[in-house]
1. Need the failing condition index for LEU213 against (1) crowded, with 16+ Cβ neighbours inside 10 Å; (2) under 18 Å from the mean Cα position of the chain (by Cα); (3) not charged (D, E, K, R), just the number.
2. Need pairs with beta-carbon distance below 7 Å; first residue among the polar types (S, T, N, Q) and in a loop (DSSP other than H, G, I, E, B) and within region 268-284, second crowded, with 17+ Cβ neighbours inside 10 Å and at pLDDT below 95; sequence gap 6+ or separate chains.
3. For region 209-229, indicate whether the set of residues that are charged (D, E, K, R), closer than 21 Å to ASP90 by Cβ and in a strand (DSSP E or B) is non-empty.
4. I need the full set of residues from region 32-91 which are in contact with a Gly (Cβ under 9 Å, 6 or more places away or on another chain) and hydroxyl-bearing (Ser, Thr, Tyr), in order please.
5. Could you grab me the full set of residues in region 43-55 that are touching a residue at least 24 places away in the same chain (Cβ under 8 Å) and assigned to a helix (DSSP H, G or I)?
6. Check GLY181, GLY241 and return the single one that is under 16 Å from the mean Cα position of the chain (by Cα) and either part of a helix (DSSP H, G or I) or more than 25 Å from ASP148 (Cβ to Cβ) (or both).
7. Yes or no: LEU133 aliphatic (A, V, I, L, M) and out of contact with any strand residue (DSSP E or B) (no Cβ under 9 Å at 6 or more places or on another chain)?
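The values are calculated or read from the model by the stated rules, or taken from the named source; none is laboratory data. Just so it is clear, the model here is predicted, and its values are computed rather than measured. Heads up, the Cβs are rebuilt from the backbone with ideal geometry, glycines too, and the neighbour counts pull from every protein chain shown.
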Amino acid sequence: MITKPTLIRITTLAVTLTILIWGTIALAAPKIVILATTTSTQDSGLLDILVPLFEKEHNLQVKTISVGSGQAMKMGEKGEADVLLVHSPDAEKKFMNEGFGTSHRLVMHNDYIIVGPSADPSKTKGSNASEALKRIAQSGAVFVSRGDNSGTHAKEKGLWKGSGLNPDGQKWYQQTGLGMGQTLNVAAEKKGYTLTDRATYLSLKKGLGLEILVEGDGKLLNIYHVIELNTAKWPKVNAQGGKAFADFMVAKNAQDIIRRFGIEKFGTPLFFPDAGKKPESLGK
């Protein structure tokens, strides 16, 4: 016969074992890191390689939210992400100056290109970016803009401004409010022009029917940084996970993967690793 004191000890032991078991499971389960990033890093397929490797190395689970750089930084301003991977330098500078980020490190670059139909009705092929935009405006050919406050959209707006033009409200200027891959598909359907990062274009090129018409202009440089968030503003941010991801992106292993990514499939890398470099040294 089990006495009451013995029953109490058995019950206590069972409860203790349950707590220990669930505590061990909780410790073993990977913690989540929220990565807010651009559609280009996702659409190009680069994160499909890097994220699983990071998760395996650090026992952390990455929740990737792929939006425009502007939206990614808005998430950072609200404490809705743990780390950012973005490509909108002017907006990033403002983000850092306002104290939302604590670390802003160069990761990689590629370039923007202007693509369009092979018929090239605006005769842009071989021109620089500014001249190409002027010819598109003069001809009234369709130009498809992301219109989503992304890094690509910010670059495009800067190029229009630098060309002395404001396309807003023009019938031929159409904004999608979508990511890069979807915007490329819209441009293909409309046989129009668009500004895109090279990586996304190459990864989707086969089904588009769009050609590279403008490239190699120094104004088309596309630079990516990784940003850790300021826990003084957002104490609940997973700062440890965010730092681990940022460190991973600038470490040798990830930089080597970035260096090789795209070569086997496209014959050329889609991104160029830049950890430790100065932005002003790029494209020279």
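1. (2)
2. Final answer for the pair search is THR268/GLY262.
3. The first filter runs over region 209-229 and keeps only residues charged (D, E, K, R), leaving 211, 215, 217, 219, 228.
Pick out the ones that are also closer than 21 Å to ASP90 by Cβ and you get 217, 219, 228.
Those still in the list that are in a strand (DSSP E or B) too: 228.
Within region 209-229, one or more residues are charged (D, E, K, R), closer than 21 Å to ASP90 by Cβ and in a strand (DSSP E or B).
4. Listed by number, the residues that qualify are THR38, THR39, SER40, SER44, SER66, SER69, SER88.
5. Taking region 43-55 as the starting set, the residues that turn out to be touching a residue at least 24 places away in the same chain (Cβ under 8 Å) are 43-46, 49-50, 53-55.
If the condition is that a residue be touching a residue at least 24 places away in the same chain (Cβ under 8 Å) and assigned to a helix (DSSP H, G or I), then ASP43, LEU46, ILE49, LEU50, LEU53, PHE54, GLU55 are the ones that fit.
6. Values: GLY241 fails: under 16 Å from the mean Cα position of the chain (by Cα).
Just one listed residue meets the conditions, GLY181.
7. Numbers: aliphatic (A, V, I, L, M): yes; out of contact with any strand residue (DSSP E or B) (no Cβ under 9 Å at 6 or more places or on another chain): no.
In short, no.
Listed here are the residues, each with its yes/no results for (1) in the same structural domain as GLN42 (by TED's automatic domain parsing); (2) modelled with pLDDT under 95; (3) at negative phi.
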residue	(1), (2), (3)
TRP172	no, no, yes
THR183	no, no, yes
LYS191	no, no, no
ALA199	no, yes, yes
GLY207	no, yes, yes
